[in-house]
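K.L.:
Sharing a structure with you now.
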Amino acid sequence: MPEWLKDAVFYEIYPQSYYDSNNDGIGDLQGIISKLDEVRKLGCNALWINPCFDSPFLDGGYDVSDYKKVAPRYGTNDDLKELFEKAHAMGIRVFLDLVPGHTSDRHPWFLESKKDEENEYSGRYVWTGHAFEGIKDHPYISGMTPRGGAYMLNFFASQPALNYGWLKRTEKWMSAVDSKEALATREALKDIIRFWLDMGCDGYRVDMADSLVKNDDENKSATAAIWRDIRNMLDHDYPEAALVSEWSNPVQAINGGGFHMDFYLDHHGNGYNTLLRDYETEGGDNSYFRKDGEGDITRFLNDYLPKYNATKENGYIAMFTCNHDTPRPARTLSDREMKLFAGFLMTMPGVPFVYYGDEIGMRYLDVRTKEGGYHRTGSRTPMQWDTSANYGFSKAEPEQIYLPQDSAEDAPVLSTQKADPDSLYNTYKALIAFRHSHRDLQADGDFQVILGEKGRPFVYQRGEMVIVINPSQSGAALSLEELAGKKAVFVIGSADTAHIGAQSFAVFL
Ligand code: NOJ
């Protein structure tokens, strides 16, 4: 396990929307390079960059047509190499986004695979035996290719599923997990992983990591075995590199697959949702961090604690403010509520991820879909750097900008927030610095719940520290022996050892 992960605070960049260095209206790699100092100033020491590879962009770049080539709209492979080098010089690691389960249907592998004549790539994707035979319980397309067969989809219609084999094989055309063609796909994946690591990349966020082997068992053990194999390769050849999975099942991903980290996603039924995206309640929002929510942390804890306890020796749960698929926190939370969530995120175990713009509370915007974003597009709008034209994102004409920006008069802007000591930005910055300066708060530090009841402050221990969170609109008395002899060392709102104010967060040491 790479040591550096213990103190990692990631920053996710959607490259289209971070900074446009060449004034064509879309973000690019040189833009990211020129803003690395902003990442450092915020205190983040690792980046996750969404797919920046050649692609027809029918799914924001998650439809890769060349895994080894930077999309021209973002720059060149040399720019990416420069980004690795400049980031490293500032103490920042860089993760790319690995899409192992599918490619674009314009990937050369697929162009070969769909040919009628048998060739090296015929078995690279999941195909049925003939055009009139579909795939039970899975999406597929037939009748569109010279090859007589239906091909399986992993996501959108433009994303055919790569063939890693089937665990339970009920049809003749289903490859075994250890078949020549399934192993060839796995080797091709390893080759891609090596390609960027050799160039200086520090690891990957892995898209739909659980999707590799079809008809897997309930523990996804065949898919996990592939990732174990890849983890062994990393441990052996790239011991400082790491992987974070989009799996949202840490027991399977970390304990089974050997992932260093697994994202705790906004999936239906997940405890994470109950914190700031309570999609479960009909007609109301009972997110824990809302002052008018029910203040029920047990919904989170009942789901999180078993997962945390089962995986804490092997890897880290990664929690985020948001990502490019989820509504931004500002959609439903006030500035103060977001500050309290930031306090929580930066004092919990595991590895925190901040999505670009969430540090200033950028809003979820009601914009038209772009590049397969659909409702997700509202969380992908360009960064609001300053009060100049296009919020300083680009010098292109406004109508050329990748996506519309927030037209509200009080739209959050980084330059303004920097000047305000009480801003969300400065709260994030202070919390991240605080996390870095206390060993107890790091990813692997001890974590114990002291008080986790509905309607009462949430209190937990991290080593010598005690954290108290009260999102409610009324203050609460505290009477906890764990607070004896301690004093508040970080406060949002008001707190002392006997009382926590309304909508307050405090760390006692
Ligand atoms: C998850 C990614 O986060 C999302 O943006 C993408 O559309 C799907 N996987 C398919 O790759």
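The values are calculated or read from the model by the stated rules, or taken from the named source; none is laboratory data. Source: prediction; values computed, not measured. We place every Cβ from the backbone using ideal geometry, glycine too, and count neighbours over all the protein chains shown. Side chains are part of the model used for accessible areas, which takes the heavy atoms of the whole protein and leaves out ligands, DNA and RNA. Shrake-Rupley method; radii C 1.70, N 1.55, O 1.52, S 1.80 Å.
K.L.:
More than 17 angstrom separation, counting every C-alpha pair in region 188-309; what % is that?
P.N.:
61 percent
K.L.:
Taking Cα pairs under 8 Å and at least six residues apart, what relative contact order does region 369-504 come out at, in percent?
P.N.:
On the way: 166 pairs, mean separation 16.2, N = 136.
12 percent.
K.L.:
Oh, and also: Please work out the average accessible area per residue across the chain, using the 1.4 Å probe convention, and give it in Å².
P.N.:
Roughly 38 Å² per residue, with all protein chains present.
K.L.:
As a quick test, which of the pairs Lys35/Lys307; Lys418/Lys454; Lys395/Lys429; Lys172/Lys312; Lys81/Lys339; Lys41/Lys486 have an alpha carbon distance above 32 angstrom in this structure?
P.N.:
Over 32 Å Cα-Cα: Lys35/Lys307; Lys418/Lys454; Lys172/Lys312; Lys81/Lys339.
K.L.:
On to the next question. Express as a percent, rounded to the nearest 5, the fraction of DSSP beta bridges in the chain (both residues included) that run antiparallel.
P.N.:
Of the beta bridges lying entirely in the chain, close to 50 percent run antiparallel.
K.L.:
Kindly provide log₁₀ I(q)/I(0) values, in the same order as q = 0.20, 0.23 Å⁻¹, from the Debye equation applied to equal alpha-carbon scatterers of region 103-163.
P.N.:
For the requested q values the scattering log ratios are -0.64, -0.86.
K.L.:
Can you pull the one-decimal nm distance between simple spin-label points at Asp420 and Ala89, each 7 Å off the Cα toward Cβ?
P.N.:
For Asp420 paired with Ala89, the spin-label model returns 3.5 nm.
K.L.:
Defining a contact as two alpha carbons under 8 Å apart and six or more residues distant in sequence, what relative contact order in percent does the chain show? Don't jump to the answer; show the numbers that get you there.
P.N.:
Values: 1148 pairs, mean separation 68.1, N = 509.
Computed value for the chain: 13 percent relative contact order.
K.L.:
Also, I was wondering about something else. Show me 289-295, 214-220 ranked by packing, highest mean number of other Cβ atoms within 10 Å first.
P.N.:
The densest-packed peptide leads the list: 289-295, 214-220.
K.L.:
All other residues with a Cβ under 13 Å from the Cβ of Ser379 taken together, and with Lys, Arg as +1 and Asp, Glu as -1, what is their net charge?
P.N.:
+1
K.L.:
Which order do peptides 367-374, 491-498 fall in by mean Cβ count within 10 Å, highest first?
P.N.:
On the way: 367-374: 15.2, 491-498: 17.5.
Packing proxy ranking, top to bottom: 491-498, 367-374.
K.L.:
Measure out, as a whole number of angstrom, how far apart the alpha-carbon centroids of region 306-385 and region 84-100 sit.
P.N.:
20 Å
K.L.:
Remind me, what semi-axes does region 1-94 give for its equivalent ellipsoid, largest first in whole Å, using sqrt of 5 times each Cα gyration tensor eigenvalue?
P.N.:
So the three semi-axes of region 1-94 are 23, 15, 12 Å.
K.L.:
Right, next: Quick one: dipole size for the chain, taken about the Cα centre, charges +1 on Lys/Arg Cβ and -1 on Asp/Glu Cβ, in debye to the nearest 20.
P.N.:
I would put it at about 400 debye.
K.L.:
Can you list which of the chymotrypsin sites (Phe, Trp or Tyr not before Pro) found in region 411-507 are DSSP loop residues with at most 10 other C-beta atoms within 10 Å?
P.N.:
Sites meeting the loop and neighbour criteria: none at all.
K.L.:
Next question. By average Cβ neighbour count within 10 Å, what is the ranking of 189-198, 134-143, 92-101 from highest down?
P.N.:
So the peptides 189-198, 134-143, 92-101, ranked by packing, come out 92-101, 189-198, 134-143.
K.L.:
I would also like to ask the following. Round to the nearest 10 and give me the degree value, 0 to 90, for the angle of helix 221-237's Cα axis relative to the longest principal axis of the chain.
P.N.:
80 degrees
K.L.:
Tell me the mean residue ellipticity at 222 nm calculated for the chain from its helices only (DSSP H runs of n ≥ 4, each -39500 (n - 2.57), averaged over every residue, nearest 500).
P.N.:
-7000 deg cm²/dmol
K.L.:
Let's test the formula: R0 of 22 Å, r as the Cβ-Cβ distance of Arg40 and Lys395. What FRET efficiency results, to the nearest 0.05?
P.N.:
Efficiency, rounded to the nearest 0.05: 0.40.
K.L.:
Any idea what the relative contact order of region 448-508 is, in percent, if you count C-alpha pairs under 8 Å spaced at least 6 apart?
P.N.:
This gives 31 percent for region 448-508.
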